[in-house]
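Undergrad: To start, I am sharing the structure in question, which I have written as structure tokens.
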Amino acid sequence: MSVTINTAQAHKVRVLGDITLILTWVNGERAIVLLPTHRRGAPWFVVCESAAWMYADDPRYLARQSVKACEVLGMDGQASRIGGLIYDHLTDLRRMPPEPEPGKGVVMGEAVVRANGQTLGGHEVRDDRPAGLTFGA
């Protein structure tokens, strides 16, 4: 079975140092995609929504899959970090729209204004380029 990932329609992208996390649709299903930020052509690790409940409900499954993700991504010794990233983004995965919203662009981050510890406002930073995004370059 082939896999289709259209990065031009990614919902949200988080560059977290040496790991990039993408919330997007894989073969029409919501998914979390992890890939090394700085290694071109490296394999990607995908967590589809249909399997997300196992990551949330079974800590042993999350731990096993985190070790597997480290092997796939070539990031040995970072299973705890990768497991935390997956677990922390499961709510974002469930809150994604069921399919890409045309013309919305990709969320690249958030700009927040704070004063004296209080959040005054903020907004999402979007990349609206129609050509899509390139990862692992």
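The values are calculated or read from the model by the stated rules, or taken from the named source; none is laboratory data. Treat the numbers as computed from the prediction; the structure is a model and nothing was measured. Neighbour counts run over all protein chains shown; Cβ positions are idealised from the backbone, glycine included.
Undergrad: Regarding the range 38-54, can at least one residue be identified that is surrounded by 13 or more Cβ atoms within 10 Å (Cβ to Cβ), basic (K, R) and under 13 Å from the mean Cα position of the chain (by Cα)?
TA: The answer is no; no qualifying residue exists.
Undergrad: Further, regarding this structure: So for the range 25-37 (the condition being among the basic types (K, R) and touching a Cys at 6+ places or on another chain (Cβ under 9 Å)), does at least one residue qualify?
TA: Yes, the range 25-37 contains at least one residue that is among the basic types (K, R) and touching a Cys at 6+ places or on another chain (Cβ under 9 Å).
Undergrad: Tell me which of these R60 doesn't satisfy, since it passes every other one: (1) at pLDDT below 95; (2) exposed (fewer than 13 other Cβ atoms within 10 Å of the Cβ); (3) over 13 Å from the mean Cα position of the chain (by Cα); (4) not hydrophobic (A, V, I, L, M, F, W, C).
TA: Against the list (1) at pLDDT below 95; (2) exposed (fewer than 13 other Cβ atoms within 10 Å of the Cβ); (3) over 13 Å from the mean Cα position of the chain (by Cα); (4) not hydrophobic (A, V, I, L, M, F, W, C), R60 comes up short only on (1).
Undergrad: What pairs can you find where one residue is in the range 67-86 and under 16 Å from L16 (Cα atoms) and among the charged types (D, E, K, R), the other is modelled with pLDDT under 95 and buried (at least 16 other Cβ atoms within 10 Å of the Cβ), and their Cβ atoms are less than 8 Å apart, with a gap of 6+ or different chains?
TA: R81/I19
Undergrad: From (1) touching a helix residue (DSSP H, G or I) at 6+ places or on another chain (Cβ under 6 Å); (2) part of a helix (DSSP H, G or I), pick out the condition that doesn't hold for G84.
TA: (1)
Undergrad: While we're here: Return the residue satisfying two criteria in turn: it lies in the range 67-81 and is assigned to a helix (DSSP H, G or I) and of a type in the set (G, A, S), and of such residues it is surrounded by the most Cβ atoms within 10 Å (Cβ to Cβ).
TA: Of everything passing the filter in the range 67-81, A69 is surrounded by the most Cβ atoms within 10 Å (Cβ to Cβ).
Undergrad: May I ask you to verify whether V67 is closer than 21 Å to P100 by Cβ, aliphatic (A, V, I, L, M) and either under 14 Å from the mean Cα position of the chain (by Cα) or modelled with pLDDT of 95 or more (or both)?
TA: So V67 fails the test.
Undergrad: Within the range 24-31, identify whether any single residue is crowded, with 18+ Cβ neighbours inside 10 Å, closer than 21 Å to H11 by Cα and of a type in the set (D, E, K, R), and answer yes or no.
TA: yes
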